[in-house]
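Note sheet for the following structure.
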Amino acid sequence: MPILRETDEAFNQPPPLEDTDLFASDPSLAEAVAAFGGKVHAAELSEFGRLWGSRAMAERGRLANDNPPKLKAFDARGNRRDEVEFHPAYHELMAHSARAGLHCSTWTAAGEPAGDAAEVVRAAKFFMAAQVETGHLCPITMTRAAVGALAADPALRAQIMPVLGTRSYDPSFAPWWNKRGMTIGMGMTERQGGTDVRTNTTRAERDGEAYVITGQKWFMSAPMCDAFLVLAQAVGGLTCFVMSRFRPDGSVNAIHFQRLKDKVGNRSNASSEVVFERAHALRLGEEGRGIATIIRMVALTRQDCAIASAGLMRSGLAHALHHARLRIVFQKHLADQPMMESVLGDMALQVEASTALVLRLCHAFDRAPVDGGEAAYMRLLTPAVKYWICKSAPAFLFEAMECIGGNGYVEEGILARHYREAPVNAIWEGSGNVMCLDVLRALARDAEAAYGVLKQLAAQAEGLPGAAEAVAFIAGALRRPDAERGARFAVERLALLAAAAALNAVHSPHAALFAQTRLAQPHGTMYGAVDLDPDAMRGLLARALP
Ligand SMILES: Cc1cc2nc3c(=O)[nH]c(=O)nc-3n(C[C@H](O)[C@H](O)[C@H](O)COP(=O)(O)OP(=O)(O)OC[C@H]3O[C@@H](n4cnc5c(N)ncnc54)[C@H](O)[C@@H]3O)c2cc1C
C-alpha cells in the first residue's frame with residue numbers, strides 16, 4: 001500500500017482561486033453596472049477588481065480574521081483607556097476601502113446625494129470587497145450611511161463632511177476635527193430591546209447647547225469610530241444624537257466599553273457592549289424624532305447588507321465552480337457530472353438574479369431624489385431585497401461549501417469564513433420579520449405608491465412565466481387584514497418578482513429561466529432540486545466564471 005510522504009505532491013487538488021479580476025470575471029456584474037448607468041466606470045471597476053481579487057488582499061482578509069481585535073479597557077495603572085487594537089491587516093483593508101471611497105463616494109463634498117450612477121458604481125465595489133473581507137465593511141457602511149441622517153442638521157454636516165469626505169483612513173485616537181479622515185458608528189440596540197428601540201432607557205439631559213447621555217448599549221460595533229449616532233430618551237421623547245469619542249475641549253468622552261462580543265463570524269470587526277456616563281453629545285434632529293432621523297441611516301445600511309450578502313454568494317459560487325471545474329471524481333470533472341451541473345447551474349441563476357436585483361435597487365437610490373417612482377421602489381423594495389438576499393445567503397454558502405467537499409469545511413479556505421459571516425446581514429439592521437413588517441409599513445403609509453411599484457414590476461416582468469400570477473398573489477396577500485401572518489411568503493414573492501424584472505432590465509438571457517424555476521414551477525428546498533434545461537444551464541455556468 002503506498003504511503004503518503006510529506007514530499008509527495010498533492011494531485012487532483014485544485015489550486016486556490018486567487019489573483020483574479022473580480023470585475024472582469026463576472027459578466028453579470030459588468031452587465032448590470034452598464035445597464036444602470038455605470039458603463040463609463042468599467043476601467044475603474046476592473047482596477048478595483050484586480051486589486052481586491054489579488055492574493056495580497058485575500059491574505060489581509062485572512063489575517064484580520066485570524067487576529068481579532070482586542071479591547072484595552074484599562075492601562076497598566078488602572079486608568080480607563082477604552083481603546084480597541086486591531087491587526088495591521090485590518091487597518092490596511094480600511095485604508096484600501098477608504099481610498100476607493102466606499103465610505104463616502106455616494107455623497108457630494110457637501111453631503112448631498114452625488115447622483116448619476118454613484119450608488120451603482122460604489123455598490124459594485126462594495127460587492128467585490130465583500131467577497132474578500134466583510135468585517136471591516138461594518139464601519140465603512142455605517143460611515144457612508146450616517147451622512148444620510150446628518151441631513152437633519154446641515155450645519156453639523158457642513159463641519160463633518162470635510163473630514164468624512166476625504167479618501168484618507170486615519171486610525172489615530174484623536175478628536176475627529178483634528179484628523180485626516182473619520183468613521184461613524186451607531187448605537188441603538190439596548191439589552192431590553194433592539195428591534196423595539198422605543199424601550200430604550202438611555203437618558204439624555206440638556207447641558208447648555210449640548211446634552212449629556214447616561215445609559216448603555218448592548219451592541220455597538222466598530223467602537224474605534226470617531227463618533228456614533230446614538231438614540232436616547234430626552235424630555236421630548238426618543239432622540240438621535242451625535243456622540244464623539246472626544247469632548248469639544250479635547251478630553252476623552254465618557255464612553256466606556258465593557259467587553260467585546262464573542263461572535264459566530266464577523267470576527268475582524270469589534271462589536272462592543274458600552275456604558276455612557278454623562279457622555280457629551282449633540283442633538284441631531286428634533287427631540288422625539290429619533291427614529292425618523294436615524295432611519296435615514298438605517299435605510300442605507302440595509303441596502304449594504306443586501307449588497308454584501310450578494311457578494312458573499314458570488315464568492316461562494318466562484319470558488320465552488322473553480323473547484324468543480326478542476327477536481328476529477330469518477331474519471332470526470334465534477335463540473336461535468338450531471339447532478340453537480342444542476343446544483344451549480346441553479347446556484348449561478350440565484351447569483352445572477354441577486355446581482356441584478358441589488359444593482360437595480362442601487363439604481364433606485366441613485367434616481368430617488370429626482371424620480372418619485374424610483375423613490376417608491378427604493379422604499380418598498382429595500383426591506384424586501386434585504387429580506388430575500390440576506391436570508392438566502394447562509395444556505396447558499398453551505399451549498400457552495402459542500403460543492404468543495406471536505407476542503408470547504410476547513411478554515412484555510414474562505415468558504416468557512418463566508419459561511420460564518422452570512423447570517424449577520426439578516427440579523428442586524430432589522431431582522432427578517434422586521435423587514436417584512438417594514439414592507440407592510442411602506443404599504444400602509446402610501447398604498448398608492450406601493451401599488452404603483454407593483455404595477456411597474458408587472459410591466460417589467462410581463463410575459464415571464466408565473467409573473468402575472470405572482471403580481472396577483474402579492475397584491476392580494478399584502479391587502480389581507482391579517483397580512484402579517486403570511487408576510488414572509490408575500491415578501492419573498494415580491495423579491496423574486498423584482499429579481500425577474502431586474503434580470504429583464506439588464507437584458508439577461510436568463511430572466512425567463514429564473515421566473516420559470518422561482519415563480520412558475522415548484523422548486524425543492526435545495527439548490528439543483530429543479531428541472532433546468534441542460535443547454536441553459538451550460539450557458540449560465542459559462543457566464544458565471546468565464
Ligand atoms: C454582530 C452584531 C453587531 C451589531 N452591531 C450593532 C451596532 O453597531 N449598533 C446597534 O445599534 N445594534 C447593533 N447590533 C444589534 C442588532 O441590530 C440587533 O441584534 C437586531 O436589530 C435585533 O434586535 P435584538 O437583538 O434586540 O432582537 P429582538 O428585537 O428581540 O428580535 C428577536 C427576533 O424577533 C423578531 N421580531 C421582532 N419584532 C417582531 C414582531 N413584531 N413580529 C415578529 N417578529 C419580530 C426579529 O425579527 C428577530 O428575529 C448588532 C448585532 C450583531 C449580531
Open item on the list: Looking at the stretch 315-324 only, could you name the residues that are out of contact with any Leu (no Cβ under 6 Å at 6 or more places or on another chain) and either in the same structural domain as GLY185 (by TED's automatic domain parsing) or open to solvent by less than 10 Å² (accessible area, probe 1.4 Å) (or both)?
Closed with: SER315, LEU317, ALA320
Task: Boolean, ARG296 is closer than 27 Å to ALA498 by Cα, in the same structural domain as ALA400 (by TED's automatic domain parsing) and open to solvent by 40 Å² or more (accessible area, probe 1.4 Å) - done: yes
Task: Pairs where the first residue, in the stretch 71-100, is over 18 Å from SER271 (Cα atoms) and the second is open to solvent by 10 Å² or more (accessible area, probe 1.4 Å) and of a type in the set (Phe, Trp, Tyr), C-beta under 7 Å, 6+ apart - done: ARG80/PHE74; ALA95/TYR169; ALA98/TYR169; ALA100/PHE48
Open item on the list: Please pick out the residue among GLY539, GLY524, GLY463 that is at positive phi and without any contact (Cβ under 8 Å) to a residue 40 or more places away in the chain.
Closed with: GLY463
- [ ] Pairs only if they're at least six apart or on different chains, beta carbon under 9 angstrom, first in the stretch 169-191 and at positive phi, second of a type in the set (Lys, Arg) and near the ligand (Cβ under 8 Å from one of its atoms); list them, first residue then second.
- [x] none
Open item on the list: Consider the stretch 426-446. How many of its residues are within 20 Å of ALA130 (Cβ to Cβ) and either more than 10 Å from the ligand (Cβ to nearest atom) or without any contact (Cβ under 8 Å) to a residue 40 or more places away in the chain (or both)?
Closed with: 1
TODO: All but one of (1) away from the ligand (no atom under 12 Å from the Cβ); (2) without any contact (Cβ under 8 Å) to a residue 12 or more places away in the chain hold for ASP262, so report the exception by its number.
DONE: (1)
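Rundown of residues vs (1) within 17 Å of TYR169 (Cα to Cα); (2) surrounded by fewer than 17 Cβ atoms within 10 Å (Cβ to Cβ), yes/no style:
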{"position": "ARG62", "(1), (2)": "no, no"}
{"position": "HIS87", "(1), (2)": "yes, no"}
{"position": "TYR90", "(1), (2)": "yes, no"}
{"position": "LEU93", "(1), (2)": "yes, no"}
{"position": "HIS96", "(1), (2)": "yes, no"}
{"position": "HIS103", "(1), (2)": "yes, no"}
{"position": "GLY111", "(1), (2)": "no, no"}
{"position": "GLY115", "(1), (2)": "no, yes"}
{"position": "ALA124", "(1), (2)": "no, no"}
- [ ] Would you be able to tell me the number of residues in the stretch 184-216 that are touching a Phe, Trp or Tyr at 6+ places or on another chain (Cβ under 8 Å) and within 12 Å of the ligand (Cβ to nearest atom)?
- [x] 10
Open item on the list: I want to confirm something. Restricting to the stretch 218-241 and keeping residues that are open to solvent by less than 10 Å² (accessible area, probe 1.4 Å) and of a type in the set (Val, Ile, Thr), which single residue is nearest to MET161 (Cα to Cα)?
Closed with: VAL230
TODO: Look through ALA416, ALA384, ALA364 and report the one residue that is open to solvent by less than 10 Å² (accessible area, probe 1.4 Å), more than 28 Å from ASP116 (Cα to Cα), in the same structural domain as ALA310 (by TED's automatic domain parsing) and in a helix (DSSP H, G or I).
DONE: ALA416
- [ ] Inspect the stretch 111-127 for any residue being at pLDDT 95 or above, within 16 Å of the ligand (Cβ to nearest atom) and either part of a helix (DSSP H, G or I) or over 30 Å from GLY413 (Cβ atoms) (or both) and give the result as yes or no.
- [x] no
TODO: Confirm whether LEU317 is in a helix (DSSP H, G or I), touching a Phe, Trp or Tyr at 6+ places or on another chain (Cβ under 9 Å), under 15 Å from TRP388 (Cβ atoms) and in contact (Cβ under 8 Å) with a residue 24 or more places away in the chain.
DONE: no
Task: Hey, MET142 under 28 Å from PRO15 (Cα atoms) and crowded, with 24+ Cβ neighbours inside 10 Å or not - done: no
Task: Of the criteria (1) closer than 23 Å to ALA353 by Cα; (2) in contact with a His (Cβ under 6 Å, 6 or more places away or on another chain), which one ALA32 fails - done: (2)
Open item on the list: So in the stretch 271-291, with the set limited to residues that are touching a helix residue (DSSP H, G or I) at 6+ places or on another chain (Cβ under 8 Å) and of a type in the set (A, V, I, L, M), which one is nearest to ALA210 (Cα to Cα)?
Closed with: LEU282
TODO: Quick one: which residue in GLY208, GLY250, GLY194, GLY215 is at pLDDT below 95 and open to solvent by 10 Å² or more (accessible area, probe 1.4 Å)?
DONE: GLY194
- [ ] Please enumerate the residues belonging to the stretch 326-337 that are in contact (Cβ under 8 Å) with a residue 40 or more places away in the chain and outside any strand (DSSP E or B).
- [x] LEU326, ARG327, LEU334, ALA335
Open item on the list: Being in a helix (DSSP H, G or I), within 15 Å of the ligand (Cβ to nearest atom) and not aliphatic (A, V, I, L, M) narrows it down to one residue among ARG157, ARG144; which is it?
Closed with: ARG144
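The values are calculated or read from the model by the stated rules, or taken from the named source; none is laboratory data. Since the model is a prediction, treat every value here as computed from it, not as a measurement. Reconstructed Cβ throughout: ideal geometry from the backbone, glycine too, with neighbour counts over all protein chains shown. The accessibility values were calculated without ligands, DNA or RNA, using every heavy atom of the protein model including side chains. Shrake-Rupley method; radii C 1.70, N 1.55, O 1.52, S 1.80 Å.
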